[in-house]
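Since the structure comes first, as structure tokens, the remarks are kept for the end.
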Amino acid sequence: MTGIEISPFIAKLPKAELHMHLEGSLEPETLIKLAEHNGIRLPYADANAVRQAYRFDSLQSFLDLFYLGLTVLQKGSDFYEMTSAYFARAARENVRHAEVFISPQAHLRRGIPIAEVMDNILAAIDDAKSRHGMTGGLIVGIQRQFDESDALDMIKAVRPWRDRIVGLGMGGPELGNPPSKFTRAYDIARCDCGWHTMAHAGEEGGADYVRDALHTLKCERIDHGVRAESDPDLMRELAERGIPLTVCPMSNCMLNVFPDMASHNIRRLHEAGLCITVNSDDPPYFGAYINANFAAIQAALGFSDTDIWQMARNGFTSAFISDAQRQRYLDEIDAHRPATA
Ligand code: ADE
Ligand code: ZN
């Protein structure tokens, strides 16, 4: 519970969410239930104890819990339930399109059949269309703490679903694992698989990681990217090329990227002309789904409704969807344009 009040404007605004990890969407109650069903021992007696553990001092302290939490996913139906629960919740927040990450290596390493993972997640994404009228895309994320051959094995394992995957991303502990570690994997994703590309960069790593993701990996979007601010030339390039940053404000505060929301640089990034989108990252872990993220930045940083509308609109211009679908969503959000815009 965040206690953040969400305005009717934010609640009703059609949104695209482009940075959300499915394994990070497991609510504590679901985590405990799946652990019991699947005979997984967690060091938490109940959902409240899990919530108590949501106190982080760094990216790594969060990742430790994230990787432990995902071990409750054992059966195909667990992956279906996780995915459909996220899309149902997102639909209630007026998310119209969501591009969601998974970390296939974490499941491959535990011996979970990859077809169980992929088929069930994709089925739940398909069902979100008929249930909620939502569109969705699946992004496979490299775990950067492992070596490139592990990432290449993962790409090989998910290749049978090549046409159902929209992109390749990269998450995990950033410092010491620069984007250039995965040059071949990104070349294969782009050239052989026809996937879009993005990477977490500039979350705990510096602007040089963002440069590396842009120039070495040729990423089309940057996940987080907030530390690009220290490099004026890079900022100019991001603005001129319209490279979207998928910013996750509550995540950044919970992981000490910024000490509090009033210190977050999202307003400066937006005012510097960057294409900024707002996202939840791992919503239960950070106490906020997408609407609470919008509400928190508006409360702390004084964004106008027009700014909020512009950033929500950026979500649709930055999504990996067809031009026809994009136009339908832009028509929807343009009908919500504040009178002063
Ligand atoms: N995996 C899930 N959330 C993440 C984050 N915020 N940074 C890096 N890896 C992640
Ligand atoms: Zn993330």
Rg from C-alpha atoms of region 203-321, normalised by the globular rule of thumb 2.2 N^0.38 Å, equals 0.98
Output row, site His215, 7 Å Cα→C-beta label point, backbone N cut-off 19 Å, window region 166-186, residues 176-184, 186
Simple SL model, points at 7 angstrom along Cα→Cβ for Glu332 and Thr317; separation in nm is 1.9
In whole Hz, the Karplus estimates of ³J(HN,Hα) for region 214-231 (6.51, -1.76, 1.60; θ = phi - 60°; x where Gly or Pro) are 6, 8, 7, 8, 6, 5, 8, 9, 10, 8, 6, x, 5, 7, 4, 4, 6, 10
Mean-square fluctuation maximum in Gaussian network of the chain, Cα pairs under 10 Å, restricted to Gly39, Gly242, Gly194, hits Gly39
Across His37, His21, His196, the residue with the highest GNM fluctuation in the chain (Cα network, 10 Å cutoff) is His37
Of the listed links Lys75/Lys129; Lys129/Lys156; Lys181/Lys218, those spanning more than 20 angstrom between alpha carbons are Lys75/Lys129; Lys129/Lys156
Summing -39500 (n - 2.57) over every DSSP H run of at least 4 in the chain, dividing by its residue total and rounding to the nearest 500, the 222 nm mean residue ellipticity is -14000 deg cm²/dmol
Regression test value, accessible area per residue of region 16-334, probe 1.4 Å, units Å², expected 36
Taking only the alpha carbons of region 1-106, the radius of gyration and the largest Cα-Cα distance, Dmax, both in angstrom, are 14.9, 44
Ranking Leu217, Asn293, Ser84 by how far each Cα lies towards the positive end of the charge dipole of region 16-334 (+1 on Lys and Arg Cβ, -1 on Asp and Glu Cβ), the top one is Ser84
Taking the chain, the whole-percent share of alpha-carbon pairs separated by over 34 angstrom is 17
On the accessible surface of the chain, probed at 1.4 Å with all protein chains in place, carbon and sulfur together account for a percent value of 49
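The values are calculated or read from the model by the stated rules, or taken from the named source; none is laboratory data. Source: prediction; values computed, not measured. Note that we place each Cβ from the backbone using ideal geometry, even for glycine, and neighbour counts take in every protein chain shown. We work out accessible area using only protein heavy atoms, side chains counted, and drop any ligands, DNA or RNA first. Shrake-Rupley method; radii C 1.70, N 1.55, O 1.52, S 1.80 Å.
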